[in-house]
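Worksheet: the structure to be examined is printed underneath.
The values are calculated or read from the model by the stated rules, or taken from the named source; none is laboratory data. Owing to the predicted nature of the structure, the values given are computational and were not obtained by experimental measurement. Positions of Cβ are backbone-derived with ideal geometry, glycine not excepted, and every protein chain shown enters the neighbour counts.
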Amino acid sequence: MKQYREVFVDRRARALFLSAAVSGLGDWIGLAGLVVLAYERSGTPIGSGALFAVQGGAAIAATVLIGPWLDRFERSRGLVVTYGMGTFAVLLPLVFGGLWPLLVAAGVVGALRPTAAALRHAIAGAELPEELLGPVVALQKATGDATAALGLAVGGAITVVLGAALSLGLDAATFALAAALALALPRSRGSMDVRRGAFEGARLWFDDRQIGFYMVVLVAFAAVSALPETLAPAVAADSGWLPAVLAAQAVGSAIGGVLLGHRHDLERAGPMVIGLAAVAVTLVFGAIAATGHPAWMALANLLLGLALSVMVLGQTAFTRAAPKDLLGAAVASAITAVMAAEGLGSLFLGAVAERGGTGSAYAAAAIGVALVAITLARRVRVEVPA
């Protein structure tokens, strides 16, 4: 674990990690306040639902449209500007009444979150020593899982006890602190070719077989990654096991990510195919566990999270393989694909669960992932060095 200690020694790696952790925690604290305010101002759950719809749409639009521009400007200063815009966006609902400031804030934050993630990955891939890239990606993912749970809990408590204004104020403060931390980053610029189109990053998937392989792996993982959260209410809504069933996958993913993140030697096609196979096996266990006590479902989701942590290897390998001058566009395109796969996968598997039960959804997910693993295993020696 020496590499993780070195993350905090290297000034650039430390700034990247801390800015991501601070802003991520604030995002989830602020989300609790936004959701409550949306419900209060609209008088209906539709108001809260609209926030998530706007946020998701803005995130996908931003990664598609803004992605290519991330390589045309100085990336570290772009990250500072991104955090700065977030500071002002989350304060809008405190200045103006009605639902529209909440929707604007949700849209801006939804667009800024993947933009900041793409910039951080591009800076890490272009500026950090090779041996620190994996640990930084793993720490960011593990911290993201932890801050999601902690931020929602803290934000919910603050909103209920002290009001939503304080939650949004804390969110703004974390954005400002993240911007200050990002000022320590070195200047990092990609190509200045202004003729590139919105899908320049996605074109790499088809032009480079290695990058295309990593994208298939990431999309397959993403398509089933939200399954535990999607179906947890159906499994444990009437029991005290709901928090465990909900959080188990994130806990397993965080633990596995830290264990694998520093293993540069595993950033190869073979271990990723094995990871897909492991995900399929744990999904089969989940299908069986769905018929028993919720405790078994929590265990199945924990094991699923451990298997899904192989995604860290795919993320790091993708960042290493992408051209340095196109890192921003490449990572933004990958984030778009992952978000779309997660959303569509959750929608499809939720529909399967509606018709056939939770076990059927886990079984369908297992079959899909297994087919991807078998297909890639047959091609791995030809297309990607194993």
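Taking region 335-345 as the range and being under 11 Å from the mean Cα position of the chain (by Cα) and under 10 Å from L218 (Cβ atoms) as the test, the residues that pass are I335, V338. M272 passes every criterion in (1) at pLDDT below 85; (2) within 20 Å of E130 (Cβ to Cβ) apart from (1).
Remark: pairs (first residue in region 216-227, over 9 Å from G314 (Cβ atoms); second residue modelled with pLDDT under 90 and charged (D, E, K, R); Cβ separation under 9 Å; 6+ apart in sequence or on different chains) = A222/E342; A223/E342; V224/E342; S225/E342; A226/E342. Helices (runs of 4 or more DSSP H) fully within region 95-185 that include at least 1 residues being within 16 Å of the chain's Cα centre (by Cα) and of a type outside the set (V, I, T): 100-127, 130-162.
Residues in region 290-309 that are surrounded by fewer than 24 Cβ atoms within 10 Å (Cβ to Cβ), among the hydrophobic types (A, V, I, L, M, F, W, C) and touching a residue at least 60 places away in the same chain (Cβ under 8 Å): A290 alone. Count of region 236-255 residues, restricted to those that are over 17 Å from the mean Cα position of the chain (by Cα), at pLDDT below 75 and either under 16 Å from T282 (Cα atoms) or among the hydrophobic types (A, V, I, L, M, F, W, C) (or both), is 3. Within region 58-67, can one find any residue that is among the polar types (S, T, N, Q), surrounded by fewer than 17 Cβ atoms within 10 Å (Cβ to Cβ), at pLDDT below 75 and on the phi < 0 side of the Ramachandran plot? The answer is no, given that none of the residues of region 58-67 is among the polar types (S, T, N, Q), surrounded by fewer than 17 Cβ atoms within 10 Å (Cβ to Cβ), at pLDDT below 75 and on the phi < 0 side of the Ramachandran plot. Using the structure shown, decide if A341 is assigned to a helix (DSSP H, G or I), at pLDDT 90 or above and within 26 Å of V245 (Cβ to Cβ). Here the answer is no, as A341 does not meet what is asked.
Among the criteria (1) modelled with pLDDT under 75; (2) of a type in the set (A, V, I, L, M); (3) over 25 Å from G169 (Cα atoms), the one A32 does not fulfil is (3).
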